[in-house]
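Note sheet for the following structure.
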Amino acid sequence: MGYHETYSPNGWKWLGFVSAVWVQAISGNNYTFSNYSDAIKTLMDLTQLELNNLSVAKDIGKAFGLLAGLASDRLPTPVILLIGAIEGLIGYGVQWLVVSQKIQPLPYWQMCIFLCMGGNSTTWMNTAVLVTCIRNFRRNRGPVSGILKGYVGLSTAIFTDICSALFSDNPAKFLIMLTVIPFAVCLTAVFFLRETSQSVSVAAEKEEARHFAIFNVVAVVVAFYLLAYGFIGSTNQVFSLVFVIILLVLLASPLAVPVYSFYKSWRLVRFEPDVERREPLLVQEANATAEAAERNEVINDDPPVAVDEAVVVEKSRPVIGEDHTIFEAMRTWDFWLLFVSFLCGVGTGLAVMNNMAQIGLALGHADVSIFVSLISIWGFFGRIASGSVSEYFL
């Protein structure tokens, strides 16, 4: 059973990572405000300042991501995913009801609350995915974070291009996509995204590196595919439908990794009895080695105790790379460096993305979806490169 125990968790671990990729591919809806902001502005008869304040309410929702971080230490991953899915269903669902004119426009302060809920929903999804996958792949944290955050960047282009292909950039149809698709994907991920045991062998690390290379290649192919469609575009219904089908196939293609892992595990279990019969000497040598190690432990009983005690004292305060509680993290310079960097640097990009519709209209472009898609795609390349570069240097 040794081989089965070693390889069996790998299939589930990679299946969880694929579901995490899908969650991230639909959790960048917070950056899509420009695709429907003009419809809200017209229906609610808002000034540009009032519209900006609505976008601020949306972004404030992300500031409450601290709640998701605290909950991740106390609640299982499926619960965190469900909270994000339900919150997004309500937040974007109400916006869809308003834009599609199913209901009368709500009071301004109520719209602020629902936009805040929509913005906050993604923090629960991102936290569930990142925390679980980084714990499952502790030796490849850089590639994991780069790939997952890269798909967050791509998600805006995915939503925008699908809506452009199927619904001619209709804002109401766009909002129903933001309402239903993330909810459905999170419900699916609930069944597969779990913490699994760690692989410590050199062979397992090399295998992980190869699999992450596959995920990177697929992500880059998806990015260039979206980029090409953004420039080509089409009003032909058949061409648009083919584009969407190919895109969905590309997004589903990472399933090949867990399928291969399950197949490999199945082969090992199937041929395990033959291996045991063919290699009795190896088994005897392993038993002899284990017995010798036990004898050494009995002879040298006192020194290991002293070593263990020293290790406990040394690791009383976690170092970079180990798990921190929020209060332990707040006592480090690294935390405050990241905090100030995000506080001062991220808002400029959000300000541009939130007002892209108005910028495009001022420049004479009635349809700004191409600009929203391009920002998303180039953001993807920056995110995925940062994960690989940080892993190389750190």
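The values are calculated or read from the model by the stated rules, or taken from the named source; none is laboratory data. What you see is a predicted model, and the numbers here were worked out from it, not measured in a lab. All Cβ positions, glycine included, derive from the backbone under ideal geometry; neighbour counts span all protein chains shown. Accessible surface areas use protein heavy atoms only, side chains included; no ligands, DNA or RNA. Shrake-Rupley method; radii C 1.70, N 1.55, O 1.52, S 1.80 Å.
Whenever a residue of segment 215-238 is within 14 Å of SER373 (Cβ to Cβ) and touching a residue at least 12 places away in the same chain (Cβ under 8 Å), its partners that are open to solvent by 70 Å² or more (accessible area, probe 1.4 Å) and of a type outside the set (D, E, K, R), lying with C-beta atoms within less than 8 angstrom and at least six residues away or across chains, give the pairs TYR225/ILE246.
From the list ASP169, ASP161, the lone residue that is touching a Leu at 6+ places or on another chain (Cβ under 8 Å) and among the acidic types (Asp, Glu) is ASP161. Taking only segment 323-381 into account, find how many residues are outside any helix (DSSP H, G or I) and not charged (D, E, K, R). Here the count works out to 10. Answer yes if at least one residue in segment 187-202 is open to solvent by 40 Å² or more (accessible area, probe 1.4 Å), in a helix (DSSP H, G or I) and more than 25 Å from ILE86 (Cα to Cα), and no otherwise. Checking segment 187-202: at least one residue is open to solvent by 40 Å² or more (accessible area, probe 1.4 Å), in a helix (DSSP H, G or I) and more than 25 Å from ILE86 (Cα to Cα).
Taken together, the criteria exclude GLY142 from residues that are closer than 24 Å to VAL368 by Cβ and either open to solvent by less than 10 Å² (accessible area, probe 1.4 Å) or of a type in the set (Phe, Trp, Tyr) (or both). Tell me, please, whether a residue that is over 22 Å from PHE174 (Cα atoms), open to solvent by 10 Å² or more (accessible area, probe 1.4 Å) and part of a helix (DSSP H, G or I) can be found in segment 93-104. No, that holds for no residue.
Of the residues making up segment 164-183, those that are within 21 Å of PHE231 (Cα to Cα) and either of a type in the set (Ser, Thr, Tyr) or part of a loop (DSSP other than H, G, I, E, B) (or both) are SER164, SER168, ASP169, ASN170.
Table: residues versus (1) polar (S, T, N, Q); (2) within 22 Å of ALA189 (Cα to Cα); (3) surrounded by 18 or more Cβ atoms within 10 Å (Cβ to Cβ).
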| position | (1), (2), (3) |
| --- | --- |
| ASN35 | yes, no, yes |
| THR42 | yes, no, no |
| ILE60 | no, no, no |
| ARG74 | no, yes, no |
| LEU89 | no, yes, yes |
| MET111 | no, no, yes |
